[in-house]
Structure formats: C-alpha cells, structure tokens
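Some notes on the structure that comes next.
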Amino acid sequence: MPSTASFSNFKVLTFDVVGTLIDFETGVLNAVRRISGKSLAELSDDQIFAAYKRGRDLHPERSSEVMFHVYRHLAKELGLPADDSSCDVFQLAVLRWPPFTDSSEALKRLRTKFRLVAMTNADRVALSCYAHALGNPFDDTVCADDTGVAKPNPEFFAYNKGRQSAFGYKQADILHVAQSQYHDIGIARTLGYKVCWIERRQGMAGFGGTPAVEKLTEPDFHFPTMKAFADAAVGAAA
C-alpha cells in the first residue's frame, strides 16, 4: 500500500479518460450486439475487439466523426449489418459510452485534494460528452484536437507539460493515472512521470479493446478500480 508521503508529493492528477474513466469496452460490445443481434455464444468479445481495433487503426481520426467507418469495417469483417443506418447507430453510441460505476464519485473525492486534468485521445466533441457524464470534474482538459497528435506520441505529454507549467506546476507535481499500458503507462514512465495503473481488466485475459504490449510496465502505484485509488490517495492527502 502506498505511503501517505508518496501521494502528498503530487498536486496534479492527469487522467486518461476512455478506458480508465469511461467504459468504452462495454460501450463497444453493447452497441455491436444491439445492432447485430448476435449473442456472446455466436460472436465472442475478443472477435469484436479485434475487428474494432483493426477498424480504428484504419480510421484514427476524430472519434466523433470516424466511428461510422470503424463500425463499417468491423461489420464487414464479422459479417454483420453494415448499412448506413447501422453505422450511424454505432457512431452515436460512441458519444454515450458509460462511465465506470466508480468513476464519478472517485473523481469528486480526488478533486478535493488535487488538480484534475483530462488527457485523452478523444476529440473535443466526444470529451465534452464524457466530461458531462462524469459530472464535469476536470480543472483542465487536453485532447487530440489541442495537441494534433495522439498518445503514445511523446508530443502529447509535452503539450500538457507546457500547459500545466503555465499554471505553475512542474512535471514532478504530476501523477499520470491510466488504464492503458500501450497509450499511457509505458510512455509516461519512459518520459519520467510517476504513473498509477488502474487495471480495469484485472483477472481478465488479454488486452480487450486496447492495443497489446509485449511487456507490462511496472507502475509506481497500482489499483484495480478508481474507488480503490481514491480511497488511498484522498486518505493519504488528508
């Protein structure tokens, strides 16, 4: 368990949003199953995630615009309805991906002790939807529309570092909190940040809807949920 002193060193928590605070995997699975009518026995989660990731690789642009095409790729690959109406349903569902059940309350508690900053590959339209669903907890936000690049590009972190420095915060003041080893934990650790891994898929096989990594990066802090993180960090900062 982290010590009280270790959390009290931080003033800013930067958060990955999609996958850490927003349950995009459930959102993707629910939308595909609703559109296709396919049960888990007929179409596995892993099949859906694999096709989704390949579609996203082909269409990495703004999520509020291109998920129409991501779904069409997924649907054609899996033999599902790929008409415009089905693609529209998936695109709209992306903006309604649900928060994890513990996200909003944890963020509310954490905001009493830390500056909260969203750092997301989502675009500004999608981020506004997610922030609203989370109770608008962020003191500042950085998204792909701002940076012009997506994590794990180091330039994304450099942009935020400069932005937070304008408010008087140093890199040493920041703890980066995320689920994705690929997009966040590995690169943030390489760049010298302290990192907290929220392992949303703890006890589950594979990497789900997130790209795999060859080797896991050992985080400075490690929790299975945002609630567990908030219990430790807020108590430590009290």
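The values are calculated or read from the model by the stated rules, or taken from the named source; none is laboratory data. Note that the structure is predicted; figures quoted are calculated from it, not measured. We place every Cβ from the backbone using ideal geometry, glycine too, and count neighbours over all the protein chains shown. These accessible areas exclude ligands, DNA and RNA; they are computed on the full protein's heavy atoms, side chains included. Shrake-Rupley method; radii C 1.70, N 1.55, O 1.52, S 1.80 Å.
So the values come out like this:
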item	result
Residues of the range 226-238 classified as at pLDDT 95 or above and open to solvent by 50 Å² or more (accessible area, probe 1.4 Å), total	2
Selection status of MET119, open to solvent by less than 50 Å² (accessible area, probe 1.4 Å), outside any helix (DSSP H, G or I) and modelled with pLDDT of 95 or more	yes
Count of the range 118-162 residues which are polar (S, T, N, Q) and under 12 Å from the mean Cα position of the chain (by Cα)	2
Close pairs from the range 100-113: first open to solvent by less than 40 Å² (accessible area, probe 1.4 Å), partner polar (S, T, N, Q), Cβ under 6 Å, at least 6 apart	ASP102/THR225
Output for the range 172-198, where each listed residue is open to solvent by 40 Å² or more (accessible area, probe 1.4 Å) and free of Cβ contacts under 8 Å to residues at least 40 places away in the same chain	TYR182, ARG189, THR190, LEU191, GLY192
Residues (closer than 22 Å to VAL12 by Cα and touching a residue at least 60 places away in the same chain (Cβ under 8 Å)) located in the range 199-219	ARG200
Segments classed as helices (runs of 4 or more DSSP H), wholly inside the range 1-62, with at least 2 members that are modelled with pLDDT under 95	4-8
